[in-house]
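Novice: Okay, handing you the structure first.
Each reported figure results from applying straightforward, stated rules to the coordinates on display, with no laboratory input. Keep in mind that what you see is a predicted model, and the values were worked out from it rather than measured. Positions of Cβ are backbone-derived with ideal geometry, glycine not excepted, and every protein chain shown enters the neighbour counts.
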Amino acid sequence: MTEIRIADWASERETLLAIRFAVFVHEQGVPAELEEDAEDAKALHLLALSPDRQAIGTGRLLANGHIGRMAVHRDWRGRGVGSALLHTLLAEARRAGLRTVFLNAQCTAEPFYRRFGFQPEGEVFEDAGIPHRRMVRVLEDG
């Protein structure tokens, strides 16, 4: 069973960045300098661990409700890891008292986020050369 837990940026930065670099930089060609930003030190980060304790996924939540940096290692996609990460990020957003959350989804991931109640907002735009669309979800209580 996959474990999802809150990660400490200060002590687990390298682990979290290794996942993000594997997915965004190496697979998708995002420039390495775009993968870490000033928000990382302030964000709530999640880490997904495989049954044998390998780091396999991550995501973050900012205080303004922005969910981002969702990444799951290629070998673990389609096995519920991304869903578990997003479910936990939504629970943490509720716990923080947020009423809405938003993200900039890669267009290929829009159907995934729609399954969690996110609705597209605005036009498609490019970020790091990849088409994205802003998606928003109002959080219900509980």
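Novice: So which trypsin sites (Lys or Arg not before Pro) in segment 27-94 end up in coil per DSSP with only 14 or fewer other C-beta atoms within 10 Å?
Specialist: K42, R53, R77, R79
Novice: Using 0.36 nm per residue of separation minus the Cα-Cα distance, give me the extension gain between R114 and R99 in nm, one decimal.
Specialist: So the chain would gain 3.6 nm between R114 and R99.
Novice: Can you give the FRET efficiency to the nearest 0.05 for L34 and S11, using r as the Cβ-Cβ distance and R₀ = 30 Å?
Specialist: 0.80
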